[in-house]
């Protein structure tokens, strides 16, 4: 004989109490304890986000960025960085940009993975399938609120591939966005005052 349990009536959506957000420090502690297998682990919008392994094209672009700025940075005691993390106090996010440029390279702390926020001149992201909204919107706003002068975005999910430079950070995000298609030149304002030639940017097959 089948026994049927009475179906529990679900509360209307307006009566449901949303779960309490996890404290940021708890997320950071969890991040330190979990083996992410060398994948990027970030705290974004109150969540611990572990990214999948990047595709080859993603890594080609990161190397292209590093090569594009390497000589320019060396002459100014700036550090092109592909492995650091930064905390963004206004939004409580902890992010690991795909690429950064830090000033005063010779005085950076050698044994810390957390980069000093006040040294970050530029943060760059190469958009992945799993990070379209976060890279385009969330990180851009968070970096602006934290006062990072420039935010660079390489986006293969536009047709054609685009490179966008966000500048003039403020309380409402970056006030200026300059977008070019791959192959065009992109002007970076102070403190760079240089033109980035994207004609050598690797393009996905």
(message) Residue under question is residue 102, and the condition is that it be surrounded by fewer than 18 Cβ atoms within 10 Å (Cβ to Cβ) and touching a strand residue (DSSP E or B) at 6+ places or on another chain (Cβ under 8 Å); does it hold?
(response) no
(message) One residue is enough: does the stretch 173-185 have a residue meeting the conditions in contact (Cβ under 8 Å) with a residue 24 or more places away in the chain and either within 19 Å of the chain's Cα centre (by Cα) or more than 26 Å from residue 129 (Cα to Cα) (or both)?
(response) yes
(request) Would you mind stating whether residue 108 is touching a strand residue (DSSP E or B) at 6+ places or on another chain (Cβ under 8 Å) and surrounded by fewer than 20 Cβ atoms within 10 Å (Cβ to Cβ)? (result) yes
(request) Enumerate the strands (runs of 3 or more DSSP E) found wholly within the stretch 50-95, keeping only those where 3 or more residues are within 17 Å of the chain's Cα centre (by Cα). (result) 86-88, 93-95
(message) Condition first: at pLDDT below 90, closer than 30 Å to residue 205 by Cα and loosely packed, with under 13 Cβ neighbours inside 10 Å. Can you find one or more residues in the stretch 64-76 that meet it?
(response) no
(request) Inspect the stretch 43-57 for any residue being over 20 Å from residue 138 (Cα atoms), at pLDDT 95 or above and in contact with a helix residue (DSSP H, G or I) (Cβ under 9 Å, 6 or more places away or on another chain) and give the result as yes or no. (result) no
(request) For the stretch 147-174, enumerate the residues that are in a loop (DSSP other than H, G, I, E, B) and within 25 Å of residue 117 (Cα to Cα). (result) 147, 148, 149, 171, 172
(message) Exactly one of these conditions fails for residue 154: (1) closer than 27 Å to residue 56 by Cβ; (2) out of contact with any helix residue (DSSP H, G or I) (no Cβ under 7 Å at 6 or more places or on another chain); (3) surrounded by 13 or more Cβ atoms within 10 Å (Cβ to Cβ); (4) modelled with pLDDT of 95 or more. Give me its number.
(response) (2)
(request) Would you check if residue 194 is over 14 Å from the mean Cα position of the chain (by Cα), over 17 Å from residue 62 (Cβ atoms) and touching a residue at least 40 places away in the same chain (Cβ under 8 Å)? (result) yes
(request) Please give the number of the condition residue 117 fails out of (1) closer than 22 Å to residue 168 by Cβ; (2) surrounded by 20 or more Cβ atoms within 10 Å (Cβ to Cβ). (result) (2)
(request) Have a look at 35, 29 and point out the one that is surrounded by fewer than 13 Cβ atoms within 10 Å (Cβ to Cβ), at pLDDT below 90 and not in a loop (DSSP other than H, G, I, E, B). (result) 29
(request) Evaluate the following for residue 113: is it out of contact with any helix residue (DSSP H, G or I) (no Cβ under 9 Å at 6 or more places or on another chain), free of Cβ contacts under 8 Å to residues at least 24 places away in the same chain and closer than 24 Å to residue 45 by Cβ? (result) no
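The values are calculated or read from the model by the stated rules, or taken from the named source; none is laboratory data. Treat the numbers as computed from the prediction; the structure is a model and nothing was measured. For neighbour counting, all protein chains shown are included, and Cβ atoms are generated from backbone atoms with ideal geometry for every residue, glycine included.
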